[in-house]
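Peer 1: Below are the structure tokens for one structure; questions will follow.
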Amino acid sequence: MTRRIYLDNAATTWPKPPEVVHAVHQYLTECGTAVGRGATRTAADLQQTIDRTRLRAARLLGGRDPRRILFTCNGTDALNLALHGLLREGEHVVTTVVEHNSVLRPLAALHQRRGITITRVGVDAEGFVDPETIEAALTPRTRLVAVSHVSNVTGAIQPVEEIVALTRARGVRTLVDAAQSAGHLPLDVEALGVDLLACSGHKGLLGPLGTGMLYVAPGLEAELESTRQGGTGTRSEEDQQPEDLPDKYESGNHNAPGLVGLEAGLAWLEQRGLAAVRQHELELLSRLVEGLTGLPGVCVVGPRNVERRCGVVSVVIDGYAPQEAAAVLDEHFGIECRAGLHCAPLMHRALGTFERGGTLRLSPGPFTTVEEIDAAVTAIRHLHTAS
């Protein structure tokens, strides 16, 4: 049986640290209670774990107040809360062609329902946004700039520091999609001055699926409406949604097994250190980009300098549609990767890969080995030779 080589960590990381698996199993077998819904010792212990999860997340993102970390169902849920909760009738948004459908589709819905207008700026040949193009797109009606920190197609690390500095100088709010950078790159939301930052919990943060978070800057809760109302376990005598954080945005039962697993993933990252995680990633990306760049008929998309790249390597292979290449790699070599448009159609149009059906994307993770990277390069070499 062909061994399994998992190179789809940009979709969700696997394997998870053993501590994550243990935490979820322990919750399901020994705890099982709901978050914030009881006064038992078991419920109190669970609440402490959830509070620790929020604290660890705040530390990772550079936030001083853990209450400003809002737990969501996933990164998409966090982005929807940010966009639907902030934008009002007739306002203007500047975004980029880099964005995932988790930004593009909510904006399209808001255009239809609230009449917001949207300007999407382009990228250069390697997939980078020029901050000056964002500045030039700002108008007196611009309420928000929404930008991905890292492209899920090219891995290009966007210049968010420069972008946020420009928007703050103009009094415009900023939303950063950190789905592909949280857990990979150092983040400091307060030093950066970002207003909203959304990310998944199941990718670089190593938690289970069904987890995500949104950071809300001080004071922004007065502008950000809750998009879901219901039970919070607090102020139950009132029929109005609580205004205090995080209850204003966290109605209904939390994903307790997911969050205790996320706490374990965040603890693993703290123990290992982001610098070590990033160094391992750079070594793998360097080997992958160098190995693929020399292959005939294989074109690597995105930055050649891996220092400006995070997490993913996309390629197009002569003679193969991306989906066909992925199927062959899985069936004959045990290599699992992602093929297609990666929910980022505008980026593929900008890069000229849309008509080809997108790209083949390989994304190593913290537990990927050099030997697995070499096996992937060898497999793609055989793939092209056989075409």
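Peer 1: Which loop trypsin sites (Lys or Arg not before Pro) in segment 98-153, with loop taken from DSSP, have no more than 12 other Cβ atoms within 10 angstrom of their Cβ?
Peer 2: Loop-located and lightly packed - 141.
Peer 1: Sticking with this structure for a sec: Which angle from 0 to 90°, rounded to the nearest 10, does the C-alpha axis of helix 75-86 make with the longest principal axis of the chain?
Peer 2: The two axes meet at around 50 degrees.
Peer 1: Report the calculated FRET efficiency for residue 29 and residue 253 (r = Cβ-Cβ distance, R0 = 22 Å), to the nearest 0.05.
Peer 2: Here the calculated transfer efficiency is 0.70.
Peer 1: Which of rounded, prolate or oblate describes segment 1-67 when judged by the alpha-carbon gyration tensor and an a/c cut-off of 1.5?
Peer 2: Note, shape of segment 1-67 comes out oblate.
Peer 1: For residue 109 and residue 367, what does the FRET efficiency come to when R0 = 25 Å and r is the distance between their Cβ atoms, rounded to the nearest 0.05?
Peer 2: Result of the calculation: an efficiency of 0.10.
Peer 1: For segment 195-237, rounded, prolate or oblate, judged on the Cα gyration tensor with a ≥ b ≥ c (square roots of eigenvalues), a/c < 1.5 rounded, else prolate if a/b > b/c?
Peer 2: Note, shape of segment 195-237 comes out oblate.
Peer 1: How much accessible area per residue does the chain have, counting only protein heavy atoms and a probe of 1.4 Å, in square angstrom?
Peer 2: 42 Å²
Peer 1: If you don't mind, there's one more thing I want to ask. Rounded, prolate or oblate, given the Cα gyration tensor of segment 344-387, with a/c below 1.5 counting as rounded?
Peer 2: Since a/c reaches 1.5 but b/c is at least a/b, the shape of segment 344-387 is classed as oblate.
Peer 1: With angles folded into 0 to 90 degrees, how steeply does helix 370-386 sit against the dominant principal axis of the chain? Use alpha carbons for both and round to 10.
Peer 2: 50 degrees
Peer 1: Leaving out ligands, DNA and RNA but keeping every protein chain, what accessible area does residue 343 have, in Å² rounded to the nearest 10, with a 1.4 Å probe?
Peer 2: Accessible area of residue 343: about 50 Å².
Peer 1: Once label points are set 7 Å from the Cα along Cα→Cβ at both residue 132 and residue 304, what is their separation, rounded to one decimal in nm?
Peer 2: 2.3 nm
Peer 1: Next question, about the same structure. Applying 1/(1 + (r/R0)^6) with R0 = 22 Å to the Cβ-Cβ distance of residue 238 and residue 67, what FRET efficiency is obtained, to the nearest 0.05?
Peer 2: So the FRET efficiency works out to roughly 0.70.
Peer 1: How large is ³J(HN,Hα), in whole Hz, for each residue of segment 312-317 in order, when computed from phi with the Karplus curve 6.51 cos²θ - 1.76 cosθ + 1.60 and θ = phi - 60°, using x for Gly and Pro?
Peer 2: These are the phi-based 3J(HN,Hα) values: 10, 9, 9, 9, 10, 10 Hz.
Peer 1: Once the piece of chain linking residue 282 and residue 139 is laid out straight, how much longer is it, given 0.36 nm per residue of separation minus the C-alpha distance between them?
Peer 2: Using 0.36 nm per residue and subtracting the Cα-Cα distance, I get 47.6 nm.
Peer 1: Which order do you get for 67, 361, 356 if you rank them by accessible area with a 1.4 Å probe, largest at the top?
Peer 2: 67, 356, 361
Peer 1: In whole angstrom, note down how far apart the Cα centers of segment 234-271 and segment 287-340 are.
Peer 2: 38 Å
Peer 1: Under a 5 Å amide H to amide H cut-off, with H placed in plane at 1.01 Å, what residues pair with residue 301 once short-range neighbours are removed?
Peer 2: Here 314, 315, 316 satisfy the definition.
Peer 1: Now a separate question. Helix 256-272 versus the longest principal axis of the chain: what is the Cα-based angle in degrees, 0 to 90, to the nearest 10?
Peer 2: 60 degrees
Peer 1: Report, for the chain, the % of DSSP beta bridges that are antiparallel, rounded to 5.
Peer 2: So the antiparallel bridges amount to about 50 percent of the total.
Peer 1: Please work out how much length the chain gains when fully extended from residue 125 to residue 270, using 0.36 nm per residue of separation minus the C-alpha to C-alpha distance, in nm with one decimal.
Peer 2: 48.6 nm
Peer 1: Give me the percent of accessible area attributable to carbon and sulfur for the chain, probe 1.4 angstrom.
Peer 2: The value for the chain is 50 percent carbon and sulfur by accessible area.
Peer 1: Consider just the alpha-carbon atoms of segment 231-285 and return their Rg together with their Dmax, both in angstrom.
Peer 2: My reading of the Cα-based Rg and Dmax gives 18.2, 56 Å.
Peer 1: May I ask you to compute the full-extension gain from residue 162 to residue 330, defined as 0.36 nm times their residue separation minus their alpha-carbon distance, rounded to one decimal in nm?
Peer 2: 56.4 nm
The values are calculated or read from the model by the stated rules, or taken from the named source; none is laboratory data. Values in this document were obtained by computation on a predicted structure and should not be read as measured data. Glycine gets a Cβ as well: all are built from the backbone with ideal geometry, and neighbour counts include every protein chain shown. Note: accessible area is taken over every heavy atom of the protein model, side chains too, but ligands, DNA and RNA are not part of it. Shrake-Rupley method; radii C 1.70, N 1.55, O 1.52, S 1.80 Å.
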